[in-house]
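Working notes, beginning with the structure itself.
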Amino acid sequence: MITKQQIEAFKSISTPFYFYDMELLKKTLDIYKSQIDKYGYNAHYALKANADPRVLEMIRSYGLGADCVSGNEVKLAVKSGFDPQKVVYAGVGKSDKEIKAALKAGIFSFNCESVPEIKVINDLAKGMGVKARISLRINPDIDAHTHKYISTGLKENKFGISPWAFQAVTDLIAQCSNVELIGLHFHVGSQITEMGVFETTCRRVEELQKWFIDHNIAINNINLGGGLGINYQDPNGDPVPHFEDYFKVINKNLIVRPGQKVHFEPGRAIVGQCGHVITRVLYVKVGKEKKFAILDAGMNDLIRPALYQAYHDIENLTSDGRKIRYDIVGPVCESSDCWGQKRLVNTAQRGDIFAIHSAGAYGQVMAMKYNQRDLAKAVYSDQL
Ligand code: LLP
């Protein structure tokens with residue numbers, strides 16, 4: 001919840017900018033950490049969700065590891081002080097250069113997504129005289145009941161190794177002297193709000209890991225990826241994701257064998273609600289049938305609505321006029337630069353300050369300079 005003092009402070013800052021509520025981030029991390037400690041689980045924060053230096057520093061201070069999807073993310077994680085022994089690295093298209101950098105950093109595990117990738121990692125590790133720890137990212141063929149663009153665990157998705165390839169993979173690993181198989185990795189999608197999906201995932205993990213156990217292959221680490229959703233509809237009323245419910249479901253349904261470690265890769269759930277795009281109304285344009293509120297923040301600042309038809313709650317912070325409906329749009333020259341249609345907000349006028357909520361995850365990291373617009377800067381609640 002943005003406070004009155006914070007709104008006052010916004011009045012002297014040029015818009016648009018990302019506002020990070022560091023107290024909410026801390027509170028979210030406190031709850032998350034107490035839950036993983038309760039069950040003895042390990043967490044690797046998914047840097048792709050938000051790589052702001054202050055945000056990373058706070059997450060690192062809780063002792064979380066890092067989940068990376070590129071060589072540069074691995075470098076950034078290590079540079080930001082994350083323990084390389086807690087860095088995992090996934091991605092269907094790891095380049096030789098990226099693999100070498102990760103081998104050099106001595107990361108905990110490569111989450112491998114195909115048979116040829118394992119061969120390349122083995123060859124590069126051999127060339128460097130090191131052994132790479134690898135996990136197999138399994139495609140469990142599960143419908144995450146989320147947007148098709150952020151669903152990753154269906155067999156038609158490009159991610160992961162399908163069960164029909166297990167024999168070929170393990171045959172290859174047996175011949176590779178420079179890779180060591182340490183675990184299995186699963187990530188079925190993002191913004192998952194139905195706990196039943198995680199229950200199904202746990203059952204599927206058990207079915208799939210049995211294949212390895214039956215073939216006398218020890219699986220010491222099970223990584224369940226990220227995916228827990230946040231409440232985009234009611235960010236003020238429900239700001240902290242339901243970690244208790246989530247971990248209860250996992251603990252109840254995942255069969256953990258003696259000596260096995262369980263890992264997670266949360267992204268959105270940690271940072272989603274602590275970020276807001278703060279923007280001003282440039283114009284209110286009155287049409288015959290509708291009113292447009294034209295903001296100075298656009299799809300280049302936060303692309304989720306344009307890219308995934310994602311819903312973000314929008315609030316007029318500086319008006320207490322009666323609520324009326326606007327089509328709320330950005331300034332970018334694209335019809336898809338629309339924040340929401342027929343949105344009910346307090347009567348708006350030029351200069352009003354709006355907040356676009358739940359922008360902490362996949363917001364600033366996905367921003368771009370389209371239309372040669374400036375990149376929005378970050379402002380932190382503890383520095384206002
Ligand atoms: N682990 C892996 C292997 C992933 O691919 C992802 C996200 C995560 C962890 C973190 O998932 P989370 O806890 O954040 O759901 N840009 C999209 C989301 C893309 C998610 C990509 N993978 C969006 O704005 O909704």
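Using a Förster radius of 56 Å, what is the FRET efficiency between His215 and Lys323 based on their Cβ-Cβ separation? Nearest 0.05, please.
After rounding to 0.05, the efficiency reads 0.35.
Summing -39500 (n - 2.57) over the DSSP H runs of n ≥ 4 in the chain and dividing by its residue number, what mean residue ellipticity at 222 nm do you reach, to the nearest 500 deg cm²/dmol?
Details: 11 runs with 117 residues, N = 384.
The helix contribution divided over the chain gives -9000 deg cm²/dmol.
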Label Glu194 and Gln383 with points 7 Å out from Cα along Cα→Cβ: what is the distance between them in nm? 4.2 nm
The chain: angle of helix 22-39 to the longest principal axis, Cα-based, in degrees nearest 10: 30 degrees
How big is the gap, in Å, between the Cα center of the stretch 81-122 and the Cα center of the stretch 212-249? 23 Å
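Using a Förster distance of 45 angstrom, determine the FRET efficiency expected from the C-beta separation of Val120 and Thr347, and round it to 0.05.
0.15
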Order Tyr362, Tyr18 by their accessible area, 1.4 angstrom probe, all chains in place, largest first. Tyr362, Tyr18
Compute, for Ile142, the solvent-accessible surface of its heavy atoms (probe 1.4 Å) with the complete set of protein chains present, and express it in square angstrom to the nearest 10. 10 Å²
Roughly how tilted is helix 195-214, in degrees to the nearest 10 and between 0 and 90, from the longest Cα axis of the chain? 20 degrees
A correct Karplus calculation of ³J(HN,Hα) over the stretch 249-258, with 6.51 cos²θ - 1.76 cosθ + 1.60, θ = phi - 60°, whole Hz and x for Gly and Pro, returns 4, 5, 4, 6, 9, 8, 8, 9, 8, x
Less than 12 Å from a label point 7 Å out along the Cα-to-Cβ axis of Asn157: which backbone N atoms in the stretch 102-121 qualify, by residue? none
Rounded to the nearest 20 debye, dipole of the chain from Cβ charges on Lys, Arg, Asp, Glu: 480 debye
Would you work out what percent of the accessible area of the chain, with all protein chains in place, is carbon or sulfur (probe 1.4 Å)? 51 percent
Kindly express, to the nearest 10 degrees and within the range 0 to 90, the angle between helix 96-105's C-alpha long axis and the longest C-alpha principal axis of the chain. 80 degrees
Heavy atoms only, 1.4 Å probe, whole protein assembly: order Leu295, Leu76, Leu344, Leu317 by accessible area, highest first. Leu344, Leu76, Leu317, Leu295
Residues with amide H under 5 Å of Gly340's amide H, sequence separation 5 or more or different chain, H placed in the peptide plane at 1.01 Å from N; which? Ile328
Length released on extending from Lys369 to Glu57, taking residue separation times 0.36 nm less the Cα-Cα span: 109.7 nm
Area of Glu8 that stays accessible when all protein chains are in place (1.4 Å probe, Å², to 10): 110 Å²
List the equivalent ellipsoid semi-axes of the chain in whole Å, largest first, each obtained as the square root of 5λ for an eigenvalue λ of the Cα gyration tensor. 41, 21, 19
From the cross-link list Lys33/Lys369; Lys48/Lys210; Lys97/Lys131; Lys48/Lys291; Lys27/Lys342, the entries with a Cα-Cα span beyond 28 Å are Lys33/Lys369; Lys48/Lys210; Lys48/Lys291; Lys27/Lys342
Trypsin sites (Lys or Arg not before Pro), loop per DSSP, at most 15 other Cβ atoms within 10 Å - longest free stretch of the chain: 159-287
May I ask which residue of Tyr45, Ala77, Leu103 lies farthest towards the positive end of the charge dipole of the stretch 39-133, with charges of +1 (Lys, Arg) and -1 (Asp, Glu) on Cβ and the Cα centre as origin? Leu103
The answer for the chain, accessible area per residue at 1.4 Å probe in Å², is 44 Å²
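Given charges of +1 on the Cβ of Lys and Arg and -1 on the Cβ of Asp and Glu, with all other atoms neutral, how large is the dipole of the stretch 283-384 about its Cα centre, in debye to the nearest 20?
Details: 14 positive and 12 negative charges, 87 e Å.
Taking the Cα centre of the stretch 283-384 as origin, the dipole is about 420 debye.
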Starting from the Cα-Cα distance between Val286 and Ile31, subtract it from 0.36 nm times their residue separation and give me the gain in nm to one decimal. 87.2 nm
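Ignoring ligands, DNA and RNA, how do Phe292, Phe82 rank by accessible area with a 1.4 Å probe, largest first?
From most accessible down to least: Phe292, Phe82.
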Given charges of +1 on the Cβ of Lys and Arg and -1 on the Cβ of Asp and Glu, with all other atoms neutral, how large is the dipole of the stretch 65-265 about its Cα centre, in debye to the nearest 20? 740 debye
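The values are calculated or read from the model by the stated rules, or taken from the named source; none is laboratory data. Source: prediction; values computed, not measured. Heads up, the Cβs are rebuilt from the backbone with ideal geometry, glycines too, and the neighbour counts pull from every protein chain shown. Ligands, DNA and RNA are excluded from the accessible area calculation, which covers all protein heavy atoms including side chains. Shrake-Rupley method; radii C 1.70, N 1.55, O 1.52, S 1.80 Å.
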